Every structure is written in C-alpha cells, then in structure tokens.
Amino acid sequence: MDIVEVTEGRTRFFVPRQDPHLQFPPGGGPVFYNPRMELNRDVTILLLSVLRPEDYLDAMGASGARGLRVAHEIGIPVTINDWSQRAVDLARQNVERLGLSAEVTHSDANALMSVRKFDAVDLDPFGTPAPFVDAAARSAGRYLFVTATDTAPLCGAHLKAGMRRYFSRPRNTEYHAEVGLRTLLGFVVREVIKYDRGVEPLFCYAHEHFHRLHLRLRDGAAAADRTLARIGYIMQCRDCLYRTEQTGLLPEPEECPLCGADLVPVGPLWTGRINDDPTLAAMEELLPLVNVGNRARIARLLSTCRQELETSSHYDYHVIAKSLRVSPGSIETVIERLVGLGYRASRAHYSGTAIKTDAPLSVLEKVISGG
Ligand code: SAM
C-alpha cells in the first residue's frame, strides 16, 4: 500500500495515498481515510478532554485516525478495531510509530462489543450505524458516540431506506437536517432503553454530510423511563408551514389550526434538548488549550448550539420571505425583533437561514415582511 503521512491535532499518522483523480467517497483507497472528517474527530478530542472516560473503543478504526488521536492527545487506554486486515495492519504500524500502548484488534465490531465492555464506545461506520447500535448499547459503560453519514435515508429523501433502518417515518421537509439528527437519536434511544438504561444527549449536531451524537448513558429503569418520555413526533401540516410537537409513542390525529388540513406525523423521533449546556460550556473553556485544526469552526458551532432553542424544527426565513414576495433582511434583525416582541428565537447550527422560535407563524411572517 502506498502511504503518506498526515497530521491532525498533535498526532502524525500514515494513511493510504489518496488518488487525486478519485472523487469522494475517499474509501476508494485500500484503507478508509477522509480528511473532511477532521472536524468530527477534533470535536471528539475536545469532548473527551472534558469527559476523560476510563477507556475508549474506536470500533471501526480504519487507519486508526480517531483512536490514535485519543490515545496520543488524551492519554487514556484505547482499543482500535477493524474487520479489515489491511486496516488493522496500518493501524498497528501507526501505533508502533507513535510509540503508543493502544491495543489494535481484528474483529467484527458487533462480535467484539458483545463480549467486551468499554467506558466509551465510538461508532463510525460507512453510512448507517443501525446494525451496530444494539451491541454498542450493551458494551458502552458511560458514553456512546455515533456518526451516521446516510443523510438521505435519515432526512426522508430515501424514505423506505429510512423506515427500514430507523423504524421511523422521516419526511423531507425544509428542516431535514433536524429530522435526521432526531430520527437517529430516537433510534439509538430505542436500542438503549430496552436494557433499562437511559440516554442523556451531551452534544449532538449535524454538519455537511454527517450527523454525530455524543450521549451519556445512565443505568436503571427510571432513567430509561425519563428517556422514553422524550420520544414523540413533529406534526407537520401537509398544506402549509404550520407544525407542532407531540410526545408519546403514538401520534394523536390533529388538524392544522391555520388551514384545517391534516397534520402528518414525522417520527417517532427525539424531542427536546439535544445538548447539555454545562458540557458545551466546559468544551468552550478548554477549546483554546486543545490543539485542533478547526478551532474557529468549532467555536462557532459550540456558540450557536448553546443559544439554539430545543424545538424540533425551524423555519427557513428565506423560504417565508420568498412566499411573501419580500426581500429577506438579515437573520440577526429578524431574531432581534422576535425577541423584542417577547418571543424566544435563535439560529440553528446547521443552516444560515434557519430560525427557531416559539412565535406563531403569523408573527414571524409579519416580522420578516418588516411589519
Ligand atoms: N473511524 C475512521 C476514521 O476516523 O478515519 C473511519 C472508519 S470508516 C468510515 C469505516 C470502517 O469500518 C472501515 O475501515 C471498515 O473496514 C470498518 N468496518 C465496516 N464494517 C465493520 C464491522 N462489521 N466490524 C468492524 N469494522 C467494520
């Protein structure tokens, strides 16, 4: 294998030479490495600097990029696993080169997670993590981290694939990134609570082509019941922009109060907070001290997530402005005016034109049209 050295954070490691003529996905090489996922790995390093678990499993390690960085930059015991022999050989070479004591295992991730426990388990598969979450829920002690890159099924663009993988009915709305994140979280929750364990989201975000969950697990049926109470639906009007939320396992039929059409249930999915503010505050505090390549982007992400309302959907104010045939002002002005009228309002972290608010649609439309 033709390899080259790359640096992420404070860690140098070998990856297969990328063919510049190959378009993404970068898994075209003999061992997977995607430089565009550095931000995702940077956030893992920052969060683990805060949480400091007893040990960490990189269940799908490929070159070992993530696990190597955790071992080298956090200094906790790390296991890097992959079922590909070439990936394991490269990860071992990287571990030796860095002089780390990290363990490298050659196993099917589900088999490994069925027989061993780790304080923190990290799933980073190709596409969907759905086939791995059950074993991860049994293996993980306090923390479970999950990446999904199958955004089309999660967001409702590939509806049947989404229903098969996540046992939920996503819907392709303008707030699809939010639906994807909450559908994934709802699925992981259902896989965890059957073992009488609860889930507390620490930091969950959608970015470019992936969704990422960082979750704390709590033992006990009471914690699981508290988690179950957060499962519900976004009820979206089939004819207009109106939407509301319901909690509960079964959606209750509802009519749109604005136009009388039926509301269509989107879900089941997670409703409520997707971030833990003390954790985000601790990450913000540590960020200047941690060596990451995406410091400014992570600072912006953390700051937006800390201000973001917990509602499960947003309005795209450019879409509303277009429907009203007005030119959209700045997003800051719209948010300030909503807040000035006594409503809660914020940006959403995954889109520059998304506004979350508890203001009725009529108020939002009035503010956008400058009235
Ligand atoms: N975590 C890596 C990183 O940050 O560069 C990328 C992982 S790559 C997206 C997915 C990896 O999962 C591949 O190396 C593949 O060989 C491995 N994989 C897929 N299915 C697996 C399974 N059932 N058990 C173990 N490894 C698996």
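The values are calculated or read from the model by the stated rules, or taken from the named source; none is laboratory data. As the structure is a computational prediction, the values presented were derived from the model and not from experiment. Heads up, the Cβs are rebuilt from the backbone with ideal geometry, glycines too, and the neighbour counts pull from every protein chain shown. In case anyone asks, the SASA skips ligands and DNA or RNA and just uses the protein heavy atoms, side chains included. Shrake-Rupley method; radii C 1.70, N 1.55, O 1.52, S 1.80 Å.
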Mind listing just one residue for me: the one in the stretch 156-179 that is open to solvent by less than 10 Å² (accessible area, probe 1.4 Å) and not in a loop (DSSP other than H, G, I, E, B) and, of those, farthest from Thr44 (Cα to Cα)?
Gly162
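Suppose we filter Phe13, Phe118, Phe32 for residues that are of a type in the set (Phe, Trp, Tyr) and away from the ligand (no atom under 12 Å from the Cβ); which single one remains? Outline the logic, then answer.
Details: Phe13 fails: away from the ligand (no atom under 12 Å from the Cβ); Phe32 fails: away from the ligand (no atom under 12 Å from the Cβ).
Of the residues listed, the single one that is of a type in the set (Phe, Trp, Tyr) and away from the ligand (no atom under 12 Å from the Cβ) is Phe118.
Please work out which residue is most open to solvent (accessible area, probe 1.4 Å), limiting yourself to the stretch 74-92 and to residues that are away from the ligand (no atom under 11 Å from the Cβ) and closer than 17 Å to Tyr33 by Cβ.
Arg92
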Take Ser101 and tell me if it is more than 9 Å from the ligand (Cβ to nearest atom) and among the hydroxyl-bearing types (Ser, Thr, Tyr).
yes
Has the stretch 93-107 got any residue that is closer than 27 Å to Asp150 by Cβ, in a helix (DSSP H, G or I) and open to solvent by less than 10 Å² (accessible area, probe 1.4 Å)?
no
Give the residue that is nearest to the ligand (Cβ to nearest atom), with candidates limited to residues of the stretch 132-152 that are assigned to a helix (DSSP H, G or I) and open to solvent by 10 Å² or more (accessible area, probe 1.4 Å).
Phe132
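Select, from Pro278, Pro251, the only residue that is over 21 Å from the mean Cα position of the chain (by Cα) and not aromatic (Phe, Trp, Tyr).
Values: Pro278 fails: over 21 Å from the mean Cα position of the chain (by Cα).
Unique residue meeting the criteria: Pro251.
Taking the stated definitions as given, is Leu324 in the same structural domain as Glu174 (by TED's automatic domain parsing), free of Cβ contacts under 8 Å to residues at least 60 places away in the same chain and of a type in the set (A, V, I, L, M)? Give the derivation first.
Values: in the same structural domain as Glu174 (by TED's automatic domain parsing): no; free of Cβ contacts under 8 Å to residues at least 60 places away in the same chain: yes; of a type in the set (A, V, I, L, M): yes.
For Leu324, the condition - in the same structural domain as Glu174 (by TED's automatic domain parsing), free of Cβ contacts under 8 Å to residues at least 60 places away in the same chain and of a type in the set (A, V, I, L, M) - is not met.
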Give the residues of the stretch 278-308 that are among the hydroxyl-bearing types (Ser, Thr, Tyr) and loosely packed, with under 15 Cβ neighbours inside 10 Å, sorted by residue number.
Ser303
Is there a residue in the stretch 122-131 that is within 21 Å of Cys305 (Cα to Cα), under 18 Å from the mean Cα position of the chain (by Cα), in the same structural domain as Pro77 (by TED's automatic domain parsing) and open to solvent by less than 10 Å² (accessible area, probe 1.4 Å)?
no
Going by the structure shown, is Ala71 more than 20 Å from the chain's Cα centre (by Cα), within 14 Å of the ligand (Cβ to nearest atom), open to solvent by 40 Å² or more (accessible area, probe 1.4 Å) and not hydroxyl-bearing (Ser, Thr, Tyr)?
no
Every residue in the stretch 69-92 that is touching a helix residue (DSSP H, G or I) at 6+ places or on another chain (Cβ under 9 Å) and in a helix (DSSP H, G or I), please.
Arg69, Val70, Ala71, His72, Glu73, Ile74, Ala91
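Assess whether Arg41 counts as being surrounded by fewer than 15 Cβ atoms within 10 Å (Cβ to Cβ), within 14 Å of the ligand (Cβ to nearest atom) and in a helix (DSSP H, G or I). So that I can check it myself, show each step before the final result.
Details: surrounded by fewer than 15 Cβ atoms within 10 Å (Cβ to Cβ): no; within 14 Å of the ligand (Cβ to nearest atom): yes; in a helix (DSSP H, G or I): yes.
For Arg41, the condition - surrounded by fewer than 15 Cβ atoms within 10 Å (Cβ to Cβ), within 14 Å of the ligand (Cβ to nearest atom) and in a helix (DSSP H, G or I) - is not met.
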Could you please give the count of residues in the stretch 319-344 that are in contact with an Asp or Glu (Cβ under 8 Å, 6 or more places away or on another chain) and open to solvent by less than 80 Å² (accessible area, probe 1.4 Å)?
4
Kindly provide the set of residues from the stretch 329-344 that are touching a helix residue (DSSP H, G or I) at 6+ places or on another chain (Cβ under 8 Å) and farther than 13 Å from Val363 by Cα, ordered by number.
Gly329, Ile331
